[in-house]
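Here's the structure, in structure tokens; my notes come after.
The values are calculated or read from the model by the stated rules, or taken from the named source; none is laboratory data. Since we're looking at a predicted model, the values are computed, not measured. Glycine gets a Cβ as well: all are built from the backbone with ideal geometry, and neighbour counts include every protein chain shown. Heads up: the accessible areas ignore ligands, DNA and RNA and are worked out on the full protein's heavy atoms, side chains in. Shrake-Rupley method; radii C 1.70, N 1.55, O 1.52, S 1.80 Å.
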Amino acid sequence: ALWRKATNRKAAELEAAEAAAAVARMLVEQEQPEPTQTSGMIPSSSDPYQSPMTSPQPSSSRSKLTLIGNSKATEVDVALAKAGPRRNIKFTQDVRLGTLVIPFSQLPQPSKGRNASALGKWYPMTASPDAAKYLKGTQQKQPSIRLELNFAKSDAMDEDEDALEFKPIENPKSPESSLARMSIREDAKEQEADEQGDNLNPSLEPGIVDFIAVVGCKDIGNQKDDDGQKGWVESSPECTILEQFPPDNEFHMRAGRKALLPEMVQWFCFPEGARLWRGSGPPTHADLSLKRFSAASPPNVATSIAAFDACLNCTTSFSWFVIASNSDEYGSQLVKTYGAVLRFYAPAPSGVDPKQDDYAQTVLGQSSAGSTSSGGGNSAKRLWVPMAICMTSNLPIVGVMEAMMLRLCEELASKIRPDAGSFTDLNDIHEELTNIIVRYQKPIAGAVNCSVPFLSGDRFLLQLPPPNGLPPLPHGRAIVSACRLLGPDGLNFMLSAILTECKILIHSHDIADIAMVAEVATALIYPFTWSLPYIPILPIGMLEFVEAPLSYMLGVPTQSLKHIDPHALEDVVVVDLDNGFSSSSAFGRRRPAAKGGAGKQPPPLPTQLATNVSKAVYKLLRAEEELELEFGVSDMMDNDLPRLEAESLAEREFRVSVAIEICGLLRGYQECTGPVFNRDKFLKIAPALFEDRRDRHGGGGSGIRSGFGKVVSPRSKRFLSLMVNTQNFHQLLEILEEDDSSFFHEVMDTFEDSTEKISGRAGESHAARSD
């Protein structure tokens with residue numbers, strides 16, 4: 001064995017030496033190329049091999065070099081040995097060591113969430129017949145090849161392709177080598193660590209507030225029909241955005257943030273239209289017909305209104321709106337933008353109103369003092385224009401935005417120079433606004449809560465409910481306020497119209513009440529979601545949407561009803577929030593008169609569902625009254641902003657009770673699912689169809705006998721027949737397998753458990769009677 005090993009080593013050394021000798025002979029014996037220039041020609045300067053001290057000579061059998069520069073030329077014999085025949089030696093040969101086929105499914109995958117990664121792996125090959133000759137005398141038993149895959153995102157590759165760090169294995173001898181196994185283990189550990197880091201460190205996106213804007217009048221409109229008297233001016237001024245931050249939508253898009261300022265947001269700040277006022281002072285709440293307090297107003301709402309009025313030294317009104325949009329894909333969820341608006345009146349610049357008392361003095365260039373004296377001092381008429389401060393956010397934080405506006409107004413009021421009427425340094429306010437718009441991170445639904453500071457005062461706590469639970473509410477005390485406005489009958493009326501996808505139009509003098517009722521009503525229809533057109537605050541410039549041929553939910557100020565054709569409301573469910581809501585007046589005096597009919601009435605809810613919802617409303621209102629009696633109104637007024645309060649326990653229990661009742665309408669759907677939902681079967685077996693039988697036969701046995709039997713209710717069948725044909729119902733069937741429906745499945749499991757218990761008890765009682 002030792003002799004064979006030495007012989008093999010000697011043969012390999014001899015073979016290498018022979019190859020080196022062959023190369024040397026070829027270089028020495030190779031002939032020089034023939035020159036292309038003739039004798040006496042100047043060599044081209046472009047030839048890098050020509051020396052300026054030499055001159056080419058005609059070729060001969062013996063090469064000579066003639067030295068130039070001395071007077072006597074000297075010939076030096078530099079001829080090489082006579083060249084022999086050239087040898088054609090192949091230095092490289094194509095050698096096929098083996099074959100390898102790698103399916104795509106077995107290729108290594110990059111780590112998720114990484115900008116760039118490099119993976120390498122050794123693969124054994126199927127050896128060819130020639131491989132044994134080349135592998136002879138080595139430790140490798142079969143050929144192998146290392147495959148390296150480099151993964152990188154396009155943006156990372158464009159920024160710096162040379163920044164990718166790869167880890168190649170140096171001089172691996174076999175796929176089973178320790179170096180190769182070590183590299184594979186390191187790559188696996190790094191990938192696992194990255195995946196764990198992504199799970200443990202969720203990404204927080206910046207932006208509590210998306211935009212802040214100041215909205216006002218672009219002009220004073222045409223006043224040809226105005227008489228110049230004190231009061232409301234007969235004109236229609238155009239509203240516009242006077243100032244905003246960020247300055248445009250591109251500011252957020254460049255940072256990879258999907259936040260847009262709604263188009264024509266100035267219309268939503270003044271949905272009833274902007275109106276000018278002429279007088280010695282701004283209009284009062286009586287002039288504005290503001291409903292400052294209502295039955296739905298919390299006891300501490302007066303403190304909030306007074307705080308805004310004191311800061312701006314005029315009558316103010318706070319309102320909010322919500323704009324929903326979705327993509328063109330079927331079943332896509334609505335993306336909502338919430339806007340908080342603080343409206344007030346400010347004096348117009350001098351000289352813009354020709355019917356103003358000081359107009360002539362201003363045009364003639366006289367001083368303001370003389371203008372005031374000639375105009376009668378405080379009794380002089382001047383023009384007052386509407387202004388608004390608007391904040392928008394894609395988070396349901398209306399209460400937080402209201403509190404931020406109050407702090408902003410208080411800070412601005414403290415910086416006014418009494419003598420000049422201008423502001424002092426506002427850099428600190430600009431810094432705080434930049435923080436809430438650009439820097440502070442927003443919470444993650446159901447996972448991470450955030451608390452953010454803003455100007456002076458306590459930090460604001462921001463939290464969102466988990467996506468697989470009940471939908472979020474826009475602000476605190478929204479459930480109680482909506483139930484006080486609607487009452488039990490009104491809430492059943494709203495739920496019936498929404499679940500059967502009727503055209504719905506809500507109106508009120510208080511714009512904030514319209515948006516609140518719409519948001520609460522759509523949140524109470526869980527597990528269904530309203531995915532049709534949804535504009536709770538419809539500006540006066542968009543009233544033609546009322547005549548749309550499809551189902552919708554719209555809201556308008558009561559003042560805008562006079563601009564709507566009564567015939568357009570014949571197939572619309574109209575809800576009035578100002579005159580109370582009861583079964584006796586639901587379709588009487590509250591509805592606008594129409595020559596063609598009294599409007600549409602939605603089908604009533606099933607009897608059992610309507611009864612349970614009414615009981616839940618009474619229970620909620622009774623709990624709130626007991627809370628006010630126990631703690632008193634003075635203690636509840638410690639919090640100046642009721643919309644900033646958290647959801648109470650009574651409100652939470654109410655929402656869960658209503659959700660259970662609506663989920664009960666779907667009992668039995670499991671037996672009807674398949675490639676296509678079996679609607680006919682569901683309308684035969686659904687437990688919501690049946691009610692207790694009313695036995696009126698016999699002399700003294702008229703009345704309801706509980707437990708005697710069940711019969712199909714025509715009222716329930718009519719309602720369910722309409723509900724199973726709605727878009728909301730079919731959209732729910734498509735998302736039942738997603739994680740967001742986990743609470744719905746928990747409720748349905750509760751129904752199944754209770755049904756089994758009732759069946760067991762019925763069987764036991766039947767067996768006892770048989771005995």
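Structural remarks
- On inspection, ARG275 qualifies as among the basic types (Lys, Arg), modelled with pLDDT of 85 or more and over 34 Å from the mean Cα position of the chain (by Cα).
- Per the listing VAL438, VAL517, the residue uniquely among the hydrophobic types (A, V, I, L, M, F, W, C) and surrounded by fewer than 22 Cβ atoms within 10 Å (Cβ to Cβ) is VAL438.
- Any hit, segment 546-558, residues being in a helix (DSSP H, G or I) and among the aliphatic types (A, V, I, L, M): yes
- Annotation: of all residues in segment 308-328 being surrounded by fewer than 18 Cβ atoms within 10 Å (Cβ to Cβ) and among the polar types (S, T, N, Q), the one that is nearest to PRO282 (Cα to Cα) is ASN313.
- Within segment 231-281, considering residues that are in a strand (DSSP E or B) and of a type in the set (S, T, N, Q), the one farthest from VAL556 (Cα to Cα): GLN244
- Residue in segment 221-232 that is crowded, with 16+ Cβ neighbours inside 10 Å and either closer than 28 Å to MET516 by Cβ or among the hydrophobic types (A, V, I, L, M, F, W, C) (or both) present: no
- Close pairs from segment 306-335: first modelled with pLDDT under 85, partner part of a loop (DSSP other than H, G, I, E, B) and of a type in the set (Phe, Trp, Tyr), Cβ under 8 Å, at least 6 apart: LEU334/TRP530
- For MET494: the one exception among (1) assigned to a loop (DSSP other than H, G, I, E, B); (2) open to solvent by less than 10 Å² (accessible area, probe 1.4 Å): (1)
- For segment 498-511, filtering for residues that are in a helix (DSSP H, G or I) and surrounded by fewer than 23 Cβ atoms within 10 Å (Cβ to Cβ) leaves 0.
- In segment 659-679, the qualifying residues are those that are free of Cβ contacts under 8 Å to residues at least 40 places away in the same chain and hydrophobic (A, V, I, L, M, F, W, C), and the one that is most open to solvent (accessible area, probe 1.4 Å) is VAL676.
- Given (1) at pLDDT 85 or above; (2) open to solvent by 70 Å² or more (accessible area, probe 1.4 Å), number of the condition VAL656 does not satisfy: (2)
- In the set (1) touching a Leu at 6+ places or on another chain (Cβ under 9 Å); (2) in a loop (DSSP other than H, G, I, E, B); (3) modelled with pLDDT under 90, the condition left unmet by SER456 is number (1).
- Qualifying residues in segment 380-417 (those that are under 30 Å from GLY231 (Cβ atoms) and open to solvent by 50 Å² or more (accessible area, probe 1.4 Å)) - the one modelled with the highest pLDDT: ARG382
- Taking the listed residues PRO472, PRO488, the one that is in contact (Cβ under 8 Å) with a residue 12 or more places away in the chain, open to solvent by less than 40 Å² (accessible area, probe 1.4 Å), under 24 Å from LEU620 (Cα atoms) and not hydrophobic (A, V, I, L, M, F, W, C) is PRO488, with no other qualifying.
- Residues (part of a loop (DSSP other than H, G, I, E, B), crowded, with 21+ Cβ neighbours inside 10 Å and under 18 Å from the mean Cα position of the chain (by Cα)) located in segment 528-544: TRP530
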